[in-house]
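*Asks:* Can you keep this structure in mind? I'll have questions shortly.
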Amino acid sequence: QVQLVESGGGLVQAGGSLRLSCAASGNSFSINAMGWYRRAPGKQRDVVATITSGGTTMYADSVKGRFTISRDNAKNTVYLQMNSLKLEDTAVYYCNAREVVRTLVYDYWGQGTQVTVSS
């Protein structure tokens, strides 16, 4: 019911910045929250940041103070501003949309976008 398209990934020098975007389509009116997750080589997929439709945000400790998540509900788009990038930020970043219906939770995922931080 929900399709997600990510953009903005690429190669950046350590200390630099990137801005990721994720646009939702389909039944996007039902989305309660959106977020960004990442999977580094040899590691599990971990949450980076989330934001609810009301604007409540959550960040992983590893990115606090450096990353900012925002959402444009009118455009059904979520952004991730990444500053002061580090080598360990290198990963495939996935956009997530969460739909909650009563006690049921549905998660939708984008295809992922590669972020590579070089020295």
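*Asks:* Kindly state, to the nearest 0.05, the FRET efficiency for Ser53 paired with Thr116, given R0 = 30 Å and r defined as their beta-carbon distance. If you can, show how the numbers build up before the last one.
*Replies:* On the way: r = 31 Å, r/R0 = 1.05.
It comes out at approximately 0.45.
*Asks:* Still on this model: Hey, any idea what % of the chain's accessible area is carbon plus sulfur with a 1.4 Å probe? Walk me through the numbers on the way to the answer.
*Replies:* Details: 3150 of 6370 Å².
The nonpolar share, carbon plus sulfur, comes to 49 percent.
*Asks:* Once you charge only the Cβ atoms, +1 for Lys and Arg and -1 for Asp and Glu, what is the size of the charge dipole of the chain about its Cα centre, to the nearest 20 debye? Mind dumping the intermediate values first?
*Replies:* On the way: 12 positive and 8 negative charges, 16 e Å.
It works out to roughly 80 debye.
*Asks:* Could you give the nm distance between label points at Ser17 and Ser84, where each point is 7 Å from its Cα heading toward the beta carbon?
*Replies:* Output for this residue pair reads 1.3 nm.
*Asks:* Here is a further query. Taking 2.2 N^0.38 Å as the expected size of a compact globular protein, what ratio does the Cα radius of gyration of region 56-112 give against it, to two decimals?
*Replies:* Values: Rg = 13.4 Å, N = 57, 2.2 N^0.38 = 10.2 Å.
With N residues counted in region 56-112, Rg over 2.2 N^0.38 Å equals 1.31.
*Asks:* How large is the accessible surface per residue of the chain, computed with a 1.4 Å probe and reported in Å² as a whole number?
*Replies:* Numbers: 6370 Å² over 119 residues.
Averaged over the residues of the chain, the accessible area is 54 Å².
*Asks:* Suppose we flag trypsin sites (Lys or Arg not before Pro) only when DSSP calls them loop and at most 16 other Cβ atoms lie within 10 Å. Which is the longest uninterrupted stretch of the chain? Could the numbers behind the result be given before it?
*Replies:* Details: sites that count: Lys43, Lys64, Arg66, Lys75, Lys86, Arg102.
With a cap of 16 other Cβ atoms within 10 Å, the longest stretch comes to 1-42.
*Asks:* Please work out the Cα convex hull volume for the chain and give it in Å³ per residue. Please list the in-between numbers first.
*Replies:* Values: hull volume 11.8 nm³, N = 119.
Each residue corresponds to 99 Å³ of Cα convex hull volume.
*Asks:* Among DSSP bridges having both ends in the chain, what percentage is antiparallel? Round to the nearest 5.
*Replies:* Numbers: 44 of 48 bridges.
Counting DSSP beta bridges with both partners in the chain, the antiparallel share is about 90 percent.
*Asks:* Let me ask something additional. Suppose R0 equals 25 Å. What FRET efficiency, 1/(1 + (r/R0)^6) with r the Cβ-Cβ distance, do Ser30 and Lys75 give to the nearest 0.05?
*Replies:* Numbers: r = 16 Å, r/R0 = 0.64.
For Ser30 and Lys75, the calculated efficiency is 0.95.
The values are calculated or read from the model by the stated rules, or taken from the named source; none is laboratory data. As the structure is a prediction and not an experimental result, all values here were calculated from the model. Quick reminder, even Gly has a Cβ in these numbers, built from the backbone with ideal geometry, and neighbours come from all protein chains shown. These area figures cover heavy atoms from the full protein model, side chains too; ligands, DNA and RNA do not enter into them. Shrake-Rupley method; radii C 1.70, N 1.55, O 1.52, S 1.80 Å.
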